[in-house]
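Scroll down for the structure; my scribbles are underneath it.
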Amino acid sequence: MRIFERGKLLFSFRSTMGFRFENYETPIDGVRRIANERLDEAITAASAKPRPSPQDVHEIRKDLKSLRALLQLARGNMVKTIRSQENLVLRDAGRTLSGTRDAEALLGALEKLFGTPERPKGEALQPVGRKIVGRIRQQLQTEAARSLTQRELKTVTELLANMRTRIPDWVFVSGVIQRGSMLLAAGLEHTYRRGRQHYRIVETIGMENATDELWHEIRKQAKALGYQLRLIRKIWPSAIHAWSDALDELSNSLGDDHDFALIQQRILQLPIEPADTEEDVNARQAFLRTIERRRHRLKTLSLHRARMIYVEKPARFVERLSVYWELWREGGKAAASRKRGANGRSPS
């Protein structure tokens, strides 16, 4: 079931159902179950007839990102060669799907900046501005209109179907638990540490000196950490939801910044036409300044959010979650014991 508002997905049971560990299963069983469920959803969507809709493609890409976060979470227990191999499979499948979806995202970013053809805003209110925005919009609409070929869809489906058949053969080892007793601690600490390291680089060199690649890396780690916290959200739902919301806000603001940077590149790369005047050149510079101001605000907001999210050292962050995990697991054992006792069997 999905609920939409003017083409925007507000909520999807498909994208949330089952994406969590349960306290009646071992973490390894949970990894296998969740991977199976996500792959089943992605394969079904990729096989839609006559072809997947743009929303289907968006959901598939979310499934692939969540699966990569799951593999990263299991890094303390899953054999590295297997985890690396499957991560490459998911990466390649995502890249195959990225073209049309990226163009649609940039069309949305262009609308945030300069409005629609019917309701322009900012520099697009002027004739010269409308011409520049129109040229960019035409480029993106042409790219977005390109449908995935049947060959590309078949490639993605086969990659994911083959990965699903390998899940029973995934090898797990008893990883060394360095922080607390949570079996997923090593993967969680790695993700948190990487995000914190990149954020602290920005703090050190200054926001204006940070490259687009560095900001994008912070966003990727925030999204991965958000997926991983959702996997363990049942250990303390209210606290995990608060963290997840903050990570969503961080990744969304940096996602807008990334899209605005790509729009900047599009404007810079517009070819000079014979009919272009000095006014056209000045308008192009005004567009770039407008986008830069928006990006500066987004970066300032993102830096503040990252400061709040990464306030703890990685070891302390994971130690605290490990305590929540153990309390939750003990609660599950107690509930199972009471249930067995109620059924007339020994609760031992």
- prompt: Taking Ala103, is it open to solvent by 10 Å² or more (accessible area, probe 1.4 Å), touching an Asp or Glu at 6+ places or on another chain (Cβ under 7 Å) and at pLDDT below 90?
  reply: no
field: Conditions (1) under 30 Å from Val173 (Cα atoms); (2) open to solvent by 30 Å² or more (accessible area, probe 1.4 Å); number of the one not met by Thr116
entry: (1)
statement: Note on segment 281-322: residues among the aliphatic types (A, V, I, L, M), open to solvent by 80 Å² or more (accessible area, probe 1.4 Å) and either assigned to a helix (DSSP H, G or I) or within 23 Å of Gln139 (Cβ to Cβ) (or both) are Met308
- line: Residues of segment 193-213 being over 20 Å from Ala315 (Cα atoms), surrounded by 13 or more Cβ atoms within 10 Å (Cβ to Cβ) and not small (Gly, Ala, Ser), in sequence order, are Val202, Glu203, Met207, Asp212
field: Counted residues, segment 36-88 - those being in contact with a strand residue (DSSP E or B) (Cβ under 8 Å, 6 or more places away or on another chain), in contact (Cβ under 8 Å) with a residue 60 or more places away in the chain and assigned to a helix (DSSP H, G or I)
entry: 1
query: Quick one: in segment 46-74, which of the residues that are crowded, with 19+ Cβ neighbours inside 10 Å and more than 18 Å from the chain's Cα centre (by Cα) is farthest from Leu184 (Cα to Cα)?
result: Pro52
- prompt: Of all residues in segment 16-35, which are assigned to a helix (DSSP H, G or I), modelled with pLDDT of 90 or more and open to solvent by less than 50 Å² (accessible area, probe 1.4 Å)?
  reply: Gly30, Val31, Ile34, Ala35
- prompt: Can Ile82 be described as over 18 Å from Leu153 (Cα atoms) and among the hydrophobic types (A, V, I, L, M, F, W, C)?
  reply: yes
query: Is at least one residue of segment 145-158 among the basic types (Lys, Arg), open to solvent by 20 Å² or more (accessible area, probe 1.4 Å), without any contact (Cβ under 8 Å) to a residue 60 or more places away in the chain and not in a helix (DSSP H, G or I)?
result: yes
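The rows are residues; the columns are (1) in contact with a helix residue (DSSP H, G or I) (Cβ under 9 Å, 6 or more places away or on another chain); (2) at positive phi.
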residue: Asn77; (1), (2): yes, no
residue: Thr100; (1), (2): yes, no
residue: Glu104; (1), (2): yes, no
residue: Leu107; (1), (2): yes, no
residue: Gly115; (1), (2): yes, yes
residue: Lys121; (1), (2): yes, no
residue: Gln150; (1), (2): no, no
query: Are any residues in segment 59-100 out of contact with any Asp or Glu (no Cβ under 7 Å at 6 or more places or on another chain) and among the acidic types (Asp, Glu), and if so, which ones?
result: Glu59, Glu86, Asp92
statement: The lone condition Leu90 fails out of (1) modelled with pLDDT of 85 or more; (2) touching a Gly at 6+ places or on another chain (Cβ under 9 Å) is (2)
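The values are calculated or read from the model by the stated rules, or taken from the named source; none is laboratory data. From a predicted model like this one, the values you see are computed outputs, not experimental measurements. FYI the Cβ positions are ideal-geometry reconstructions off the backbone, even for glycines, and counts take in every protein chain you see. Heads up: the accessible areas ignore ligands, DNA and RNA and are worked out on the full protein's heavy atoms, side chains in. Shrake-Rupley method; radii C 1.70, N 1.55, O 1.52, S 1.80 Å.
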